[in-house]
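Chemist: Let me give you the structure first, and then I'll get to my questions.
Every number in this text was worked out from the coordinates using simple rules, so none of it is lab data. None of these values were measured; they are calculated from a predicted model. Because the Cβ atoms are built from the backbone with ideal geometry, glycine has one as well, and the counts that use them run over all protein chains shown.
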Amino acid sequence: MSANAPCRLGVLVSGSGTNLQAIIDRIESGEIRAEIACVISNRADAYALTRAARHGIPVVVHENSSFSDRRSYDAATVEILRRHEVDLVILAGFMRILTDVMVNAFPNAIMNIHPALLPSFQGLHAQQQALDYGVRYSGCTVHFVDCGTDTGPIIMQSVVPVEQDDTEETLSARIQKAEHQTFAAAIKLFVEGKIRVDGRRVRISD
Ligand code: GRF
């Protein structure tokens with residue numbers, strides 16, 4: 001990433017893209033000094049693609065079925081990201097586990113948002129896992145991606161209360177509001193060069 005050019009983001013999606021929208025809005029308002037170089041979806045029907053196209057962002061549909069294994073899928077993804085000169089990869093509801101091919105191509109430069117306070121409730125249906133466990137607080141976590149599932153160094157977390165009558169849907173909606181703020185804040189820190197990774201600990205400078 002050169003000193004004066006805006007940081008180039010590659011955003012990987014699979015679904016509705018509300019986190020993508022939150023990032024687009026903050027870039028357009030000037031809050032985050034970055035440019036979305038491309039949006040890549042592993043699903044042709046992801047609404048996130050419509051959101052990206054509305055804002056004139058290049059989109060690539062990169063479906064799972066065209067590849068025999070996860071590593072060759074990731075190698076093709078890395079090639080797309082390199083072609084778009086991406087500095088930071090954002091997993092915004094991307095429903096695939098990355099292999100070492102992707103992780104090693106972008107060391108400490110892939111961010112994911114997870115709808116729970118890691119390391120609790122990793123994997124799918126994190127909000128339902130939190131309800132089933134009976135926690136009073138859950139939230140969201142932005143972390144760098146390593147080869148595990150939701151195990152990489154934690155950048156930021158936000159706490160969200162769990163209400164007595166919450167369902168998976170109501171808790172998810174409350175957590176998503178926090179996701180949009182927290183993801184944007186973490187991306188802003190990265191593009192401003194304020195994040196340093198020290199083993200598992202992420203140091204943030206002011
Ligand atoms: C979010 O809840 C995020 O935590 C999870 O996937 C969901 C994506 O939602 N990883 P959206 O596509 O950004 O609306």
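Chemist: Return the residue satisfying two criteria in turn: it lies in region 25-43 and is in a loop (DSSP other than H, G, I, E, B) and in contact with a strand residue (DSSP E or B) (Cβ under 9 Å, 6 or more places away or on another chain), and of such residues it is farthest from the ligand (Cβ to nearest atom).
Modeler: Top of the filtered list is R33.
Chemist: Could you look through region 59-87, keep only residues that are assigned to a helix (DSSP H, G or I) and aliphatic (A, V, I, L, M), and pick out the one that is surrounded by the most Cβ atoms within 10 Å (Cβ to Cβ)?
Modeler: Restricting to residues being assigned to a helix (DSSP H, G or I) and aliphatic (A, V, I, L, M), the top hit is L81.
Chemist: Are there strands (runs of 3 or more DSSP E) fully within region 88-171 with at least 1 residues that are crowded, with 17+ Cβ neighbours inside 10 Å and in contact with a Lys or Arg (Cβ under 7 Å, 6 or more places away or on another chain)? List them.
Modeler: 154-161
Chemist: Let me ask something else. Do we have any residue at all in region 14-28 that's among the aliphatic types (A, V, I, L, M), closer than 20 Å to C147 by Cα and surrounded by 18 or more Cβ atoms within 10 Å (Cβ to Cβ)?
Modeler: no
Chemist: Report yes if some residue within region 44-63 is away from the ligand (no atom under 16 Å from the Cβ), under 23 Å from H143 (Cα atoms) and of a type outside the set (S, T, Y); otherwise report no.
Modeler: No - not one qualifying residue is present in region 44-63.
Chemist: Here is a list of conditions, (1) under 24 Å from D150 (Cα atoms); (2) out of contact with any Ser or Thr (no Cβ under 7 Å at 6 or more places or on another chain), and R51 meets all of them except one; can you say which number that is?
Modeler: Only one criterion in (1) under 24 Å from D150 (Cα atoms); (2) out of contact with any Ser or Thr (no Cβ under 7 Å at 6 or more places or on another chain) is unmet by R51, namely (1).
This table checks each residue for (1) of a type in the set (D, E); (2) in a helix (DSSP H, G or I).
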residue: L12; (1), (2): no, no
residue: G15; (1), (2): no, no
residue: L20; (1), (2): no, yes
residue: I23; (1), (2): no, yes
residue: D45; (1), (2): yes, no
residue: L49; (1), (2): no, yes
residue: A53; (1), (2): no, yes
residue: I57; (1), (2): no, no
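Chemist: Which of the residues belonging to region 122-155 are more than 13 Å from the ligand (Cβ to nearest atom) and under 24 Å from R26 (Cβ atoms)?
Modeler: Result: F144, G152, P153, I154, I155.
Chemist: Hey, another quick one. Please work out which one of (1) part of a loop (DSSP other than H, G, I, E, B); (2) over 13 Å from the mean Cα position of the chain (by Cα); (3) under 21 Å from V142 (Cα atoms) is the condition R8 fails and give its number.
Modeler: Condition (1) is where R8 drops out.
Chemist: Further question on the same structure: Scanning region 178-206 for residues that are within 16 Å of the ligand (Cβ to nearest atom) and in contact with a strand residue (DSSP E or B) (Cβ under 8 Å, 6 or more places away or on another chain), which turns out farthest from D87 (Cα to Cα)?
Modeler: The qualifying residue farthest from D87 (Cα to Cα) is A178.
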